[in-house]
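Here is the structure we will look at, set down as structure tokens.
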Amino acid sequence: MPTTSPKSQHVLVLNCGSSSLKFAIIDANTGHEIISGLAERLGATTPSIKYKFNGAKTVINLVAGQAHAEAIDTLVSLIKDHSLDEQLIAVGHRVVHGGEHFTQSVLIDEKVIAGITQAATLAPLHGHANLLGIASAQASFEGLPQIAVFDTAFHQTMNEVAYLYALPYKLYTEFGVRRYGFHGTSHFYVAGQTAKLLNQPIEQSNFISAHLGNGCSVCAIKNGKSVDTSMGLTPLEGLMMGTRSGDIDPGLFNFLTTQLDYTAQQIDNLLNQKSGLLGISELSNDCRTIEEAAVAGNKKAILALDMFCYRLSKQIAAYMVPLQRLDAIIFTGGIGENSDIIREKVISLLAFLGLDCDQKANLNARFGQEGIISSSQARSKAVVMPTNEEWVIALDAANIAKEL
Ligand code: AMP
């Protein structure tokens with residue numbers, strides 16, 4: 001990744017979800033994780049913190065009802081107990097929604113908090129958790145620069161033809177209703193790494209990156225910049241995901257409310273929690289479980305995988321309109337980095353784009369291993385590139401802190 005300096009630059013990276021907090025201390029120079037962990041079930045009856053340090057895994061049980069502030073307090077003690085605070089130069093926060101205001105990472109001050117608060121109206125659950133994380137970290141790490149890194153920022157290069165919905169224009173100008181896109185940090189990182197792997201300048205690279213994890217999105221990257229992406233106003237739009245439906249006919253809302261008496265909250269829950277791979281397989285949202293069931297002949301599991309690949313391939317093909325020329329498709333995220341089955345299926349559906357799949361390379365590119373999985377004759381390459389959003393956050397935070 002980008003510029004490095006010889007001195008170690010330890011950054012605490014915080015990723016606050018509504019009931020969880022992912023954390024890591026990363027050396028921005030190398031990407032090395034000094035400590036990493038997850039606080040989960042925050043605010044519920046059995047909150048806990050799991051962390052990995054020096055190869056050992058430890059679990060700390062929190063008191064019932066304890067939430068982000070207490071989890072961060074415990075984290076601070078943990079960091080101090082291991083004397084990890086002495087080398088910390090900054091705290092980097094993953095912020096899900098930056099609206100139109102934030103096109104790059106920024107040092108957090110009162111104006112930035114106001115901007116994040118405003119953007120949080122577009123993604124209340126995530127936004128509220130991000131703000132809580134920032135407030136707690138500011139209280140606990142007084143004097144350390146706090147930097148916000150936005151999931152939406154990379155996509156701010158899209159033009160209005162790509163980001164507007166065909167709705168009354170005032171919904172955009174007055175309320176900010178438009179496509180923002182997410183997973184920006186991941187798409188940015190894997191595109192940069194793929195350009196290096198293919199030995200071509202990122203400024204002249206046309207890629208389609210597919211971030212396939214529990215959440216899934218595709219991004220069309222032209223000359224290194226995001227020109228379109230499948231997630232929209234919220235991370236619900238686009239691809240079929242673990243529990244999210246992705247694209248549906250908006251007419252469904254009327255049907256569900258008038259015919260089945262659904263409330264807005266129930267619809268939201270249906271589309272976000274009960275759909276996607278889980279909804280179709282009626283088995284699991286976990287791709288591994290579904291793949292195992294499909295191999296054993298489970299028809300709904302086979303259907304779920306077929307739909308997942310079909311919809312993903314259709315979206316990738318659509319991005320040939322803005323790109324015109326494709327250098328490579330990139331697979332990343334838990335599924336993209338590990339599922340040779342899904343990669344092979346998608347590549348075969350997209351063979352008309354000049355893609356092919358080298359079976360051996362495809363099988364080898366797993367468990368954090370990057371690689372080109374197409375043959376040397378392929379007109380467009382297929383690449384597996386493990387993502388590392390935490391490192392990008394650490395780097396941005398370190399670079400901003402350095403300038404202070
Ligand atoms: P993430 O949100 O990036 O952690 O990705 C989670 C998804 O990756 C889940 O659906 C997992 O089942 C999937 N995944 C992880 N490892 C594998 C694997 N070896 N094969 C297939 N899917 C996997």
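The values are calculated or read from the model by the stated rules, or taken from the named source; none is laboratory data. Here the structure is a predicted model, which is why all the values come from computation and not from measurement. A quick note on method: Cβ atoms are made from the backbone with ideal geometry, for glycine too, and the neighbour counts reach across all protein chains shown. Heavy atoms of the whole protein, side chains included, go into the accessibility calculation; ligands, DNA and RNA do not. Shrake-Rupley method; radii C 1.70, N 1.55, O 1.52, S 1.80 Å.
So what is the orientation-averaged projected area of the chain, using the convex hull of its C-alpha atoms, in nm²? Before the final figure, lay out each step's value.
Working: hull surface 84.5 nm².
Dividing the Cα hull surface by four gives the mean projection, 21.1 nm².
How big, on average over all directions, is the shadow cast by the Cα convex hull of region 7-55, in nm²?
Values: hull surface 14.4 nm².
Average of the hull's projected areas for region 7-55 equals 3.6 nm².
Alpha carbons only, please: Rg and Dmax for region 104-159, in angstrom.
Calculated on Cα positions, Rg and Dmax stand at 11.9, 40 Å.
Evaluate E = 1/(1 + (r/R0)^6) for Lys50 and Phe352, where r is the Cβ-Cβ distance and R0 equals 60 Å; express this FRET efficiency to the nearest 0.05. Could you put the intermediate results ahead of the total?
On the way: r = 45 Å, r/R0 = 0.76.
So the FRET efficiency works out to roughly 0.85.
Find the relative contact order for the chain and round it to a whole percent, using C-alpha pairs within less than 8 Å whose residues are 6+ positions apart. Working shown, then result.
Values: 845 pairs, mean separation 57.5, N = 404.
Relative CO of the chain lands at 14 percent.
At 1.4 Å probe size, with the rest of the protein present, what percent of the exposed accessible area of the chain is carbon and sulfur atoms?
54 percent
Looking at Asn364, Leu353, Ser374, which one has the Cα that reaches farthest to the positive end of the dipole of region 314-398 (charges on Cβ: Lys, Arg +1; Asp, Glu -1)?
Leu353
Mind ranking Asp286, Asp73 by accessible surface for me, highest first, 1.4 Å probe?
On the way: Asp286 50, Asp73 85 Å².
The ordering from most to least exposed comes out as Asp73, Asp286.
Dipole of region 172-245, Cα-centred, from +1 at each Lys and Arg C-beta and -1 at each Asp and Glu C-beta, to the nearest 20 debye? Mind showing how you got there, number by number?
Numbers: 6 positive and 4 negative charges, 19 e Å.
Dipole size: approximately 100 debye.
Using a 1.4 Å probe and ignoring any ligands, DNA or RNA, find the accessible area of Lys196 and quote it in Å² to the nearest 10.
Approximately 120 Å² of Lys196 is accessible to the 1.4 Å probe.
Might you tell me the accessible area per residue for the chain, computed with a 1.4 Å probe and given in Å²?
Working: 18710 Å² over 404 residues.
Per-residue value: 46 Å².
Relative contact order of region 276-404, please, whole-number percent, based on alpha carbon pairs below 8 angstrom and at least 6 residues apart.
Numbers: 166 pairs, mean separation 24.2, N = 129.
Relative contact order, region 276-404: 19 percent.
Need the list of lysines near Lys57 for cross-linking: C-alpha distance under 23 angstrom, and skip anything on the same chain fewer than eight residues off.
List returned: Lys22, Lys80.
Hey, how much of the P(r) for region 163-236 falls beyond 15 Å, as a percent of Cα pairs?
Numbers: 1526 of 2701 pairs.
Looking at region 163-236, the distances longer than 15 Å represent 56 percent of pairs.
Just check region 34-145 against the gyration tensor rule for me: Cα atoms, a ≥ b ≥ c as the square roots of the eigenvalues, rounded for a/c under 1.5, and otherwise prolate or oblate depending on whether a/b exceeds b/c. It would help to have the intermediate numbers written out before the result.
Numbers: a/c = 2.22, a/b = 1.44, b/c = 1.55.
It is oblate, given that a/c is not under 1.5 and a/b is not larger than b/c.
Using only Cα positions of region 93-214, each an equal point scatterer, no hydration layer, compute I(q)/I(0) via Debye at q = 0.09, 0.11 Å⁻¹ and quote the log10 values to two decimals.
With one equal scatterer per Cα and no solvent, log10 I(q)/I(0) is -0.31, -0.45.
Assign one of three labels to region 343-404, namely rounded, prolate or oblate, based on the Cα gyration tensor with a ≥ b ≥ c the square roots of its eigenvalues; rounded applies when a/c is under 1.5, prolate when it is not and a/b is larger than b/c, and oblate otherwise. Present the calculation step by step, with values, prior to reporting the outcome.
Working: a/c = 3.72, a/b = 2.62, b/c = 1.42.
Cα axes put region 343-404 in the prolate bin.
Give me log10 I(q)/I(0) at q = 0.17, 0.18, 0.24 Å⁻¹ for region 239-324, Debye formula, one equal scatterer per alpha-carbon, no solvent.
-0.77, -0.82, -1.06
Using a 1.4 angstrom probe with every protein chain in place, what is the largest-first accessible-area order of Asp268, Asp396?
Asp268, Asp396
With charges only on Cβ, +1 for K and R and -1 for D and E, what is the dipole size of the chain about its Cα centre, in debye, rounded to 20?
Details: 30 positive and 38 negative charges, 155 e Å.
Rounded to the nearest 20 debye, it is 740 debye.
For the chain, with the dipole built from +1 on Lys and Arg beta-carbon atoms and -1 on Asp and Glu ones, taken about the Cα centre, which of Leu167, Ser217, Gly55 lies farthest toward the positive end?
Looking along the dipole axis, the top candidate is Ser217.
Can you bin region 212-280 into rounded, prolate or oblate? Criterion: square roots of the alpha carbon gyration tensor eigenvalues sorted a ≥ b ≥ c, rounded for a/c under 1.5, prolate for a/b above b/c, oblate for the rest.
On the way: a/c = 3.30, a/b = 2.03, b/c = 1.62.
Prolate.
Let me know the longest stretch in the chain that avoids all GluC sites (Glu not before Pro) found in a DSSP loop with at most 11 other C-beta atoms within 10 Å. Walk me through the numbers on the way to the answer.
Details: sites that count: Glu142, Glu282, Glu403.
Here the longest segment lacking exposed loop sites spans 1-141.
Show that you can apply the helix-only estimate: for the chain, add -39,500 (n - 2.57) for every DSSP H stretch of four or more residues, divide by all residues, and state [θ] at 222 nm to the nearest 500. Present the calculation step by step, with values, prior to reporting the outcome.
Working: 16 runs with 161 residues, N = 404.
Result for the chain, helices only: -11500 deg cm²/dmol.
For Thr263, Thr387, give the ranking by accessible area with the largest first, probe 1.4 Å. Walk me through the numbers before you get to the answer.
On the way: Thr263 70, Thr387 35 Å².
Largest to smallest exposure gives the sequence Thr263, Thr387.
How large is ³J(HN,Hα) for each residue in region 236-246, as worked out from phi by the Karplus curve 6.51 cos²θ - 1.76 cosθ + 1.60 (θ = phi - 60°), to whole Hz, x for Gly and Pro?
Whole-Hz 3J(HN,Hα) from phi for region 236-246: 8, 6, x, 6, 5, 10, x, 10, 9, 6, x.
Roughly how many whole Å is it from the C-alpha centroid of region 243-282 to that of region 333-355?
Computed from Cα coordinates, the inter-centre distance equals 28 Å.
So what does log10 I(q)/I(0) come out to for region 143-282 at q = 0.12, 0.16, 0.21 Å⁻¹, using the Debye formula with one equal point on every Cα and no solvent?
Here log10 of I(q) over I(0) equals -0.59, -0.93, -1.25.
Hey, got the dipole for region 22-125? About the Cα centre, +1 on K and R Cβ, -1 on D and E Cβ, debye to the nearest 20?
Details: 8 positive and 11 negative charges, 79 e Å.
Taking the Cα centre of region 22-125 as origin, the dipole is about 380 debye.
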